[in-house]
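Colleague: To start, I am sharing the structure in question, which I have written as structure tokens.
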Amino acid sequence: MEEKKITLTKELLENILQKESTEFIMALTDTYLGSIGGLLTADNMDKLNTNQHSLLAYRYLLEEVMEGGFIQLIHNGYGPYVLEGPFPFVIKKIWGFKDFGKFLFNVQHEYHMHKDEIFTELSEEEFMALYEQLEELNEYGDDFLDDFQETITPAIAEYVKNNIDKFA
């Protein structure tokens with residue numbers, strides 16, 4: 001069994017557990033970020049366990065895709081952490097969200113095909129043009145919002161609450 005690295009006080013945990021879906025995920029991952037100095041780095045990655053990393057990856061996905069789709073997520077540097085880390089595997093095989101995991105692996109495929117184009121330094125105009133040039137990747141952002149976000153966020157929150165010992 002994986003050793004958990006970050007633990008919460010009983011009072012803080014009880015407060016977080018009262019929150020609903022997105023607020024719950026944000027509050028719990030805020031504690032992770034707070035305990036590692038606010039920014040995930042190579043030096044502090046080992047302070048989180050795989051489940052904590054996966055929940056943090058979902059938070060980044062949620063924030064970035066809600067704001068500007070997968071193109072923004074990748075351009076802002078979260079692609080390797082969210083799409084190449086353990087998150088897609090964990091979501092599908094360990095947490096049991098098979099359809100969402102399959103969706104993430106499809107996004108991962110597009111990411112690998114286009115990451116060099118997206119990672120480069122771009123003007124605002126060039127960045128915005130990516131949304132037309134990389135239509136399939138852009139559509140995955142819409143698919144997340146239309147097909148997954150409203151159901152997967154509460155499902156992930158419920159999974160975490162039911163398995164809180166793996167996350168806090």
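Colleague: Using a 10 Å cut-off around each Cβ, can you sort Glu117, Glu132 from fewest to most neighbouring Cβ atoms? Don't skip to the answer; put the middle values down first.
Modeller: On the way: Glu117 16, Glu132 8.
Going from sparsest to densest Cβ surroundings: Glu132, Glu117.
Colleague: Continuing with the same structure: Quick one: Cα convex hull volume of the chain, Å³ per residue? Could the numbers behind the result be given before it?
Modeller: On the way: hull volume 19.2 nm³, N = 168.
Taking the convex hull of the Cα positions in the chain, it is 114 Å³ per residue.
Colleague: Could you compute the net charge surrounding Phe89? Neighbours are other residues with a C-beta less than 12 Å from the C-beta of Phe89; K and R count +1, D and E count -1.
Modeller: +3
Colleague: Let me ask you something else. Using the structure shown, select from Lys19/Lys98; Lys10/Lys115; Lys10/Lys102; Lys115/Lys161; Lys10/Lys98; Lys115/Lys166 the pairs with a Cα to Cα distance greater than 30 angstrom.
Modeller: Lys10/Lys115; Lys10/Lys102; Lys115/Lys161; Lys10/Lys98; Lys115/Lys166
Colleague: Continuing with this model, one more query. Would you report the distance distribution of C-alpha pairs in segment 12-67 as whole percents per 5 angstrom bin, up to the bin with the largest distance?
Modeller: Calculated P(r), rounded to whole percents: 4, 19, 27, 26, 17, 6, 1.
Colleague: Which order do the peptides 41-53, 24-36 come out in when sorted by mean C-beta neighbours inside 10 angstrom, highest first? Mind dumping the intermediate values first?
Modeller: Numbers: 41-53: 14.7, 24-36: 17.8.
The most tightly packed comes first, giving 24-36, 41-53.
Colleague: About its Cα centre, how strong a charge dipole does segment 10-166 have in debye, to the nearest 20, once Lys and Arg get +1 and Asp and Glu get -1 at the Cβ?
Modeller: The dipole of segment 10-166 has a size of about 1160 debye.
Every read-out reported here was derived from the displayed coordinates using simple, explicitly stated rules and does not represent laboratory data. As the structure is a computational prediction, the values presented were derived from the model and not from experiment. Positions of Cβ are backbone-derived with ideal geometry, glycine not excepted, and every protein chain shown enters the neighbour counts.
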